[in-house]
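Trainee: Take this structure first; my questions come after.
The values are calculated or read from the model by the stated rules, or taken from the named source; none is laboratory data. Predicted model only: the values in this text are computed from it and were never measured. A quick note on method: Cβ atoms are made from the backbone with ideal geometry, for glycine too, and the neighbour counts reach across all protein chains shown. When the accessible area is computed, the model is the full protein with side chains, heavy atoms only, and any ligands, DNA or RNA have been set aside. Shrake-Rupley method; radii C 1.70, N 1.55, O 1.52, S 1.80 Å.
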Amino acid sequence: MSELESAGESSEPTEPSESVGTVVVAALTNLGIAAAKAVGGIISGSSAMLSEAAHSVADTVTEVMLLVSLKAGEKPADEAHPLGYSGARYVWALLAAVATFVGGGVFAVYDGIHTLTHGEEPGNPALSYIILAIAFLLEGYSLLVAWRQVKGEAARFHTRVGRYVRETPDTAVKAVLLENVAALIGLALAAGGLLGGQLTGSGVYDGIASILIGLLLVWVAWELGRSNAEHLIGRALPPEMREQVRAELLAVPHVMEVVDLVTIVQGPGEVLIAAKADFRDVSTAADVEWACEEAERRLKARFPAVRRVFIDPTPPVQG
């Protein structure tokens, strides 16, 4: 099973409100954590803490953009945009990935390198430890909310969680999940940097922790950017799903051959199918019209995510 098992034998596509709720929880959590980390970083003089503050600010900006993307993608199709606005969510989600890269990753790597090259006098890390512990609990709760949605969706589509995360077209939930996992790893790195500085009196450990946090954010930004770019370019259904679509079309009376088949994932729970089909020579115009309607009915019944079906009667290519 794969990214559009949501188009397959599952029940219903992901509810938009569920994704919105997951993103809102993450945004509110990160906003409070960012302020606390910044205070802790200033008091302790820790570059890793300041990098973590930048991490949380970047995550907050990202989640605001994800909320915008979810709302933009909900707009119904109109005359100017006959295929709808599903692609808008990937535009905003791609911008969110850029925000994570620039606002979090680049800053953290720069701050870590600055600490290593210019030195740093470690301050009192006590407050930072408390902030990190509280942040870990809050980030853990946000991750739990995202994990429950992802796990539920994976079970609904009869696929593994890892494969669902890798291939789901719901990139907003994927972003929240990856960012929360990265946040927990970043908190552990920041705590390690603080502890290393406390034990040795050197800022080297703090600088290394900051660089590692930055590289972690760069990876998250790359993964999210790649995923959204694929959907903006236009991603087809997986090969096994396309074969199932072809089989459904061939099962329709009067259809002799599927000459060409195009499938496009337009958004979570939204698939377009266009096909060129060869009909029996004896079929009347009424037969062809009925067959096209029957094909659309079959496809939408079998794959609930299919929203649009276009069939073009076309003779087979003569070899």
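Trainee: For R226 and A72, what does the FRET efficiency come to when R0 = 30 Å and r is the distance between their Cβ atoms, rounded to the nearest 0.05?
Mentor: 0.90
Trainee: For the chain, return all DSSP H helices satisfying: extent of Cα atoms along own axis at least 30 Å; mean Kyte-Doolittle hydropathy at least -1.0.
Mentor: Answer set is 16-44, 47-73, 126-156, 171-200, 204-233.
Trainee: Using only the alpha carbons, work out the radius of gyration and Dmax of region 109-248 in angstrom.
Mentor: 20.0, 69
Trainee: To the nearest 20 debye, what charge dipole does the chain have about its Cα centre, counting +1 at the Cβ of each Lys and Arg and -1 at the Cβ of each Asp and Glu?
Mentor: 440 debye
Trainee: Given a cut-off of 21 Å, what percent of all Cα-Cα pairs of region 246-319 lie beyond it?
Mentor: The answer is 23 percent, as a whole percent.
Trainee: Could you give the nm distance between label points at R148 and V181, where each point is 7 Å from its Cα heading toward the beta carbon?
Mentor: About 2.0 nm separates the two model spin labels.
Trainee: Also, I was wondering about something else. Once the Cβ-Cβ distance between L137 and I43 is put in as r, and R0 is 25 Å, what FRET efficiency do you end up with, to the nearest 0.05? Write out the running numbers ahead of the final one.
Mentor: Values: r = 20 Å, r/R0 = 0.82.
Rounded to the nearest 0.05, the efficiency is 0.75.
Trainee: Moving on to the next point. In nm, to one decimal, how far is the modelled label at R302 from the one at T284, with both set 7 Å along Cα→Cβ?
Mentor: About 2.8 nm, to one decimal.
Trainee: A further question follows. State the percentage of accessible surface on region 152-198 attributable to carbon and sulfur atoms; use a 1.4 Å probe and exclude ligands, DNA and RNA.
Mentor: 65 percent
Trainee: Using 0.36 nm per residue of separation minus the Cα-Cα distance, give me the extension gain between A80 and A188 in nm, one decimal.
Mentor: Here the answer is 34.0 nm.
Trainee: Would you mind getting the accessible area per residue of the chain, heavy atoms of the protein chains only, 1.4 Å probe, in Å²?
Mentor: Numbers: 14420 Å² over 319 residues.
In whole numbers, the chain has 45 Å² accessible per residue.
Trainee: Oh, and also: Near K71, which lysines are there with a Cα under 18 Å away, not counting those fewer than 8 places off in the same chain?
Mentor: Hits, sequence-local ones excluded: K174.
Trainee: Just tell me which lysines come within less than 26 Å, Cα to Cα, of K276; anything on the same chain fewer than 8 places away is out.
Mentor: Candidates past the 8-residue exclusion: K300.
Trainee: To the nearest 500 deg cm²/dmol, what mean residue ellipticity at 222 nm is calculated for the chain from DSSP H runs of n ≥ 4 alone, each contributing -39,500 (n - 2.57), summed and divided by the residues?
Mentor: Numbers: 10 runs with 210 residues, N = 319.
That calculation yields -23000 deg cm²/dmol at 222 nm.
Trainee: A further question on this structure: Per the 1.4 Å probe, what fraction of the accessible area of region 38-130, in percent, lies on carbon and sulfur atoms? List each step's numbers first, then the result.
Mentor: Values: 3140 of 4280 Å².
In region 38-130, the share of accessible area belonging to carbon and sulfur is 73 percent.
Trainee: For Cα extents along the principal axes in Å, the choices are [x] 74, 51, 33; [y] 88, 37, 36; [z] 53, 46, 44; which was calculated from the structure?
Mentor: So the structure-derived entry is [y].
Trainee: Of Q198, L216, L272, whose Cα points farthest to the positive end of the dipole of the chain (charges on the beta-carbon: +1 Lys, Arg; -1 Asp, Glu; origin at the Cα centre)?
Mentor: Projecting each Cα onto the dipole axis, the largest value belongs to Q198.
Trainee: Across the chain, where is the longest run that never hits GluC sites (Glu not before Pro) in a DSSP loop with at most 15 other C-beta atoms within 10 Å? Show your work: numbers first, answer last.
Mentor: Working: sites that count: E9, E74, E79.
Result for the longest clean stretch: 80-319.
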